[in-house]
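Trainee: Shown below is the structure under consideration.
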Amino acid sequence: MTDIVTNPAPTQPENPDTKSRSLFQLAALRFRRNKAAMAGCVMMVLIALFSYIGPFFVPHSYDQVYSSYVSVGPSLEPRPDEASLEDAMRGVATRARVNLDEFNVEGQAFTATLSAESPIDPRATRYFDRANEFNNTQVVATENDGRVLKVEGNVSREYFFFGTDPNGRDMLARVMLGGQISIAVGLLASLVSLGIGVLYGATSGYLGGRVDNVMMRFVEILYSLPFVFLVVVLVVFFGRSFILIFLVIGAVEWLDMARIVRGQTLALKRREFVGAAQALGLSDWQIIRRHIIPNTIGPVIVFVTVVVPKVILLESFLSFLGLGVQAPLTSWGALISEGASNIQSAPWLLIFPAIFFVATLFSLNFIGDGLRDALDPKDR
Amino acid sequence: MLAFVLRRLASAVPTLFIVVTISFFLMRFAPGGPFNLERPLPPATMENIMRTYQLDQPLWRQYVTYITNAVQGDFGPSYIYKDNSVAELIGKGLPYSMELGLYALLLALIGGVTLGTIAALRQNSLLDFSIMSLATVGTTIPNFVVGPVLTLIFAIVLSMLPAGGWGDGSLRFLLLPMIALALPQLAVFARLTRGSMIEALHADHIRTARAYGLPPRIVVITHAMRGALLPVVSYLAPCAAALMTGSAVVETIFTIPGIGRYFVLGALNRDYTLVMGTVVLIAIFVIVFNLVVDLIYGLLDPRVRHD
């Protein structure tokens, strides 16, 4: 297998200028030719940018509650519109116990004339600022011994492109946060499973004999445990903080990795360079670290791309069951679950997180398939 | 044959034992307990409850008691569903989960094998491509997305089907949860069948059968299918076990009174006995289906002999 790898046949033999390419260059070339995989890469980068850079361009934070906009639908128009502004103003006036005589909106500013039986306390403007729609309300003129008050201020109009949830939080910001958490958990949990799996597999395979037997038997026992059960119990056991969740998921997902690495190691340890290292008197741990693990990297990388979507899925599954990160943090799974329970009244709560979630899974799967095809030396 | 079955069942006992032991101690070491409510119970009441359920005894004794009772088929009372024993709860929920799971399994198996075979026969055609794209969609989109989306389309926008519940158990009620359960498995079956069918169609005995002039349908169904089904059959065991023991997600979305929810609810509420009962049940299903699949293997491939 390595003979093929170290002597890559030039793709165009008739052209003497063609440089021989390394395995990695060939793989990169094949990967770049794979349209689905490249599209997946672009998509994934876009989703990551959306999740991590997007919040800087959205004025709302993910946990900010807009009590005036509970469960409003997605719209490209700013909220509130003129008609509902007047309603909102009337509501505020009622709360301030004054009458609204006149109300005008011009662009971002409003003017209103208020009246009451007795002189109005100028501090009543606070009632206006308290509503989400208005701010910077100031008294510009008083008439009739303060019984009529002319006020003006700014209208704050909010854009909710993805609508809001039943608590009045901006879905756009929440979908972005969900993306941050889901992607972060996906990567970190994969790294954890990579770490455990590679170390375990390499140790087991290299030491061999009885140690190998016991270590692999242990893996088999873990395999036989109902998988969902293990995750649920671990989450219950360790609590539900963000860090523990990816540790738990990583701790469950390493089994396949360990088997793959062990298989690789069994083949590697009969090779000359390992024999040479042994002859030089290196310790087992040094050989595993410096000679075995670096040589297993190829299949391991391919496998990691398979693990990442699996882990994202698992995290979302846990969140869907209510075992994921805790509010006000959220993840796509938790958002989808919220959407599923409000499906009748507010379908956008389901649709937006589901679109991003599914797009991510697709992209990752295409990238994984592309990498496998690109790194598989059998398939030129 | 019988000896093989007995030997396999005997070798399953230690596995079951280990599963039970690990889950017992993991559950017990988890913080919180079944009776830690938001408003704490008076100490005297708590003490009485703990004594009733024998939770005040040392852990090893509880473990021994649990194992002794479980071997005799007594899985204890549920701590949360107070008037029910775990066996009753499972007995009530299991038929629903199994019926739904069986339909979903049949749908996935028949649909997946058919689609996979068609794709293999028309390899690299547009039909093949679209079937495989559908399979990718099926494996990629998890059922907690498929379920709500199906409800949104068919129950709310089109109002053709009920959004959930078991109803009278007719197809109208079961169709959506069935599809949500079956779709990912159907996709896996289609992929497996396509792969092994392409290989089987290139085998020598198929070429011979074709050279004899047998009709293509016979060649595919009786000769190629037999070999092509082997990987499908080996996937059947985990798939059947997963479908029949109920899915927490699908049962939650479609409000089906199966046992899938018990497991998650039990774990959240520290209903130790309920969780243990569910775990044992799942483990038994996995073991039994693995055994059944090994037997089917012997039927399909005479080279696999159990003696």
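Trainee: When you look at B:Thr68, is it in a helix (DSSP H, G or I), more than 25 Å from the chain's Cα centre (by Cα) and not basic (Lys, Arg), yes or no?
Mentor: When the stated conditions are applied, B:Thr68 passes them.
Trainee: Only one of B:Phe144, B:Phe154 is aromatic (Phe, Trp, Tyr), buried (at least 17 other Cβ atoms within 10 Å of the Cβ) and at pLDDT 85 or above; which?
Mentor: B:Phe154
Trainee: Now, a different point. Output the residues belonging to the stretch A:306-329 that are more than 14 Å from every other protein chain (Cβ to nearest Cβ) and under 28 Å from A:Thr203 (Cβ atoms).
Mentor: Matches in the stretch A:306-329: A:Val307 only.
Trainee: Tell me whether the stretch B:112-132 contains one or more residues that are within 13 Å of chain A (Cβ to nearest Cβ), free of Cβ contacts under 8 Å to residues at least 60 places away in the same chain and closer than 24 Å to A:Ala36 by Cα.
Mentor: yes
Trainee: Suppose the filter is under 29 Å from the mean Cα position of the chain (by Cα) and not in a helix (DSSP H, G or I); does B:Pro34 pass it?
Mentor: Yes, satisfied.
Trainee: Of the residues A:Leu266, A:Leu247, A:Leu255, only one is of a type in the set (A, V, I, L, M) and touching a residue at least 60 places away in the same chain (Cβ under 8 Å); which?
Mentor: Going through A:Leu266, A:Leu247, A:Leu255 in turn, the sole match is A:Leu266.
Trainee: Identify, by number, the condition in (1) without any contact (Cβ under 8 Å) to a residue 60 or more places away in the chain; (2) touching a helix residue (DSSP H, G or I) at 6+ places or on another chain (Cβ under 8 Å); (3) within 14 Å of chain B (Cβ to nearest Cβ) that A:Val236 doesn't meet.
Mentor: Going through (1) without any contact (Cβ under 8 Å) to a residue 60 or more places away in the chain; (2) touching a helix residue (DSSP H, G or I) at 6+ places or on another chain (Cβ under 8 Å); (3) within 14 Å of chain B (Cβ to nearest Cβ) one by one, A:Val236 breaks only (1).
Trainee: Additional query: Grab the helices (runs of 4 or more DSSP H) fully contained in the stretch A:226-307, keeping just those with 2 or more residues being of a type in the set (Phe, Trp, Tyr) and at pLDDT below 85.
Mentor: Those helices (runs of 4 or more DSSP H) span A:227-238, A:242-268.
Trainee: For residues that are in a loop (DSSP other than H, G, I, E, B) and more than 12 Å from every other protein chain (Cβ to nearest Cβ), scanning just the stretch A:337-380, find the one that is modelled with the lowest pLDDT.
Mentor: A:Arg380
Trainee: Would you be able to say whether some residue in the stretch B:21-31 is more than 14 Å from chain A (Cβ to nearest Cβ) and touching a residue at least 12 places away in the same chain (Cβ under 8 Å)?
Mentor: No, the stretch B:21-31 contains no residue that is more than 14 Å from chain A (Cβ to nearest Cβ) and touching a residue at least 12 places away in the same chain (Cβ under 8 Å).
Trainee: Of the residues B:Asp128, B:Asp56, only one is among the acidic types (Asp, Glu), out of contact with any His (no Cβ under 6 Å at 6 or more places or on another chain) and in a helix (DSSP H, G or I); which?
Mentor: On inspection, the qualifying residue turns out to be B:Asp128.
Trainee: Count, please, the residues in the stretch A:119-137 that happen to be assigned to a strand (DSSP E or B), buried (at least 17 other Cβ atoms within 10 Å of the Cβ) and polar (S, T, N, Q).
Mentor: Residues that pass the stated criteria total 1.
Trainee: Now for a different question. Residues in the stretch B:101-125 that are more than 18 Å from B:Cys239 (Cα to Cα) and surrounded by fewer than 19 Cβ atoms within 10 Å (Cβ to Cβ): how many?
Mentor: Residues that pass the stated criteria total 6.
Trainee: A:Ala116 - would you say it is at pLDDT below 75, surrounded by fewer than 21 Cβ atoms within 10 Å (Cβ to Cβ) and among the hydrophobic types (A, V, I, L, M, F, W, C)?
Mentor: No; evaluated as a whole, the condition is false for this residue.
Trainee: Determine, yes or no, whether A:Ala334 is among the small types (Gly, Ala, Ser) and either under 18 Å from A:Cys41 (Cβ atoms) or under 12 Å from the mean Cα position of the chain (by Cα) (or both).
Mentor: So A:Ala334 passes the test.
Trainee: Of the conditions (1) modelled with pLDDT under 85; (2) out of contact with any Gly (no Cβ under 9 Å at 6 or more places or on another chain); (3) surrounded by fewer than 20 Cβ atoms within 10 Å (Cβ to Cβ), B:Ala209 clears all except one; give me its number.
Mentor: It fails just one condition, (1).
Trainee: For the stretch B:262-295, which positions are aromatic (Phe, Trp, Tyr) and facing another protein chain (nearest Cβ under 10 Å)?
Mentor: Of everything in the stretch B:262-295, those that are aromatic (Phe, Trp, Tyr) and facing another protein chain (nearest Cβ under 10 Å) turn out to be B:Phe263, B:Phe285.
Trainee: As an exercise: evaluate A:Met43 against (1) surrounded by fewer than 17 Cβ atoms within 10 Å (Cβ to Cβ); (2) within 29 Å of the chain's Cα centre (by Cα); (3) in a helix (DSSP H, G or I) and give the number of the one condition it does not meet.
Mentor: Going through the list (1) surrounded by fewer than 17 Cβ atoms within 10 Å (Cβ to Cβ); (2) within 29 Å of the chain's Cα centre (by Cα); (3) in a helix (DSSP H, G or I), A:Met43 breaks only (1).
Trainee: Ok, one more. Given (1) away from chain A (no Cβ under 14 Å); (2) out of contact with any Pro (no Cβ under 6 Å at 6 or more places or on another chain); (3) modelled with pLDDT of 80 or more, where does B:Leu41 come up short, assuming only one miss?
Mentor: Among (1) away from chain A (no Cβ under 14 Å); (2) out of contact with any Pro (no Cβ under 6 Å at 6 or more places or on another chain); (3) modelled with pLDDT of 80 or more, the lone unmet condition for B:Leu41 is (3).
Trainee: Would you confirm whether any residue within the stretch B:79-100 is away from chain A (no Cβ under 14 Å), free of Cβ contacts under 8 Å to residues at least 40 places away in the same chain and under 26 Å from B:Leu236 (Cα atoms)?
Mentor: So far as the stretch B:79-100 goes, yes, one or more of its residues are away from chain A (no Cβ under 14 Å), free of Cβ contacts under 8 Å to residues at least 40 places away in the same chain and under 26 Å from B:Leu236 (Cα atoms).
Trainee: Still on this structure: Mind telling me which of the residues B:Gly258, B:Gly169, B:Gly246, B:Gly227 ends up being away from chain A (no Cβ under 14 Å), surrounded by 18 or more Cβ atoms within 10 Å (Cβ to Cβ) and in a loop (DSSP other than H, G, I, E, B)?
Mentor: B:Gly258
Trainee: Please determine whether any residue of the stretch A:47-56 is in contact with a Phe, Trp or Tyr (Cβ under 7 Å, 6 or more places away or on another chain), surrounded by 14 or more Cβ atoms within 10 Å (Cβ to Cβ) and within 30 Å of A:Gly370 (Cα to Cα).
Mentor: Yes: one or more hits.
The values are calculated or read from the model by the stated rules, or taken from the named source; none is laboratory data. Everything quoted here is computed from the prediction, not taken from an experiment. Quick reminder, even Gly has a Cβ in these numbers, built from the backbone with ideal geometry, and neighbours come from all protein chains shown.
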